[in-house]
Structures are given as structure tokens and as C-alpha cells.
Amino acid sequence: MRAIPRAMPEPLPLSLVVITRDAAGELEECLASAPFAAEALVVDSGSADHTVEVARAAGARVVVEAWRGFGPLETGHGGIGGAYGVQR
């Protein structure tokens, strides 16, 4: 049986997009769970905690947008439409 490598030589050309609100306690672990992604994009919808600071400290690009529902946040300029790894 062939072993699966634990670390990739370089990140895959894809973006991890995480929509957040008051997720400071969980976000660092979430972002760390996808080291294979070339980019982490956090779309924050008005957190009152330290979510934005945690995201930036973890190296994520952060966009702050008012909550408009999952659909608009996913496809708008800050969500999936704003991810570098997505081809248009």
C-alpha cells in the first residue's frame, strides 16, 4: 500500500472561502485544516468578536460585507466571485 504524503510540495490553485460571523474561537483551526489551498478568503458579515483579526493573523484575505444571505455572499464580489482560484 502506498503512503499518502502529509504535506504537499506546493498549494493547489484553489481558494478556501469561509463565510463568518463571530467565529473567532473556531476560525484558526478551520483555516489551518486546509493547508493545500493557495488562498484563504474570509467573508465576514459583521462579527462583534475578533474574527477579522484572527483571520488576518492566520494569513487569510478578509472582506467585510453585511449579511445578505448565503447566496449573495457566495456569489458576490467578496465571496466566491472574489476568490483568486476561481476561473470566470
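Remarks
- Hits in the stretch 26-36 (condition: within 11 Å of GLY59 (Cβ to Cβ) and not in a helix (DSSP H, G or I)): PRO35
- For the stretch 55-69, the tally of residues that are loosely packed, with under 15 Cβ neighbours inside 10 Å, outside any loop (DSSP other than H, G, I, E, B) and not aliphatic (A, V, I, L, M) stands at 1.
- Some residue of the stretch 42-51 being modelled with pLDDT of 90 or more, part of a helix (DSSP H, G or I) and either in contact with a strand residue (DSSP E or B) (Cβ under 9 Å, 6 or more places away or on another chain) or more than 30 Å from PRO9 (Cβ to Cβ) (or both): yes
- Meets criteria (at pLDDT 90 or above and surrounded by 15 or more Cβ atoms within 10 Å (Cβ to Cβ)) for LEU73: no
- Residue in the stretch 2-12 that is modelled with pLDDT of 95 or more and assigned to a loop (DSSP other than H, G, I, E, B) present: no
The values are calculated or read from the model by the stated rules, or taken from the named source; none is laboratory data. Note that the structure is a prediction, hence the values are computed from the model and not measured. Note that we place each Cβ from the backbone using ideal geometry, even for glycine, and neighbour counts take in every protein chain shown.
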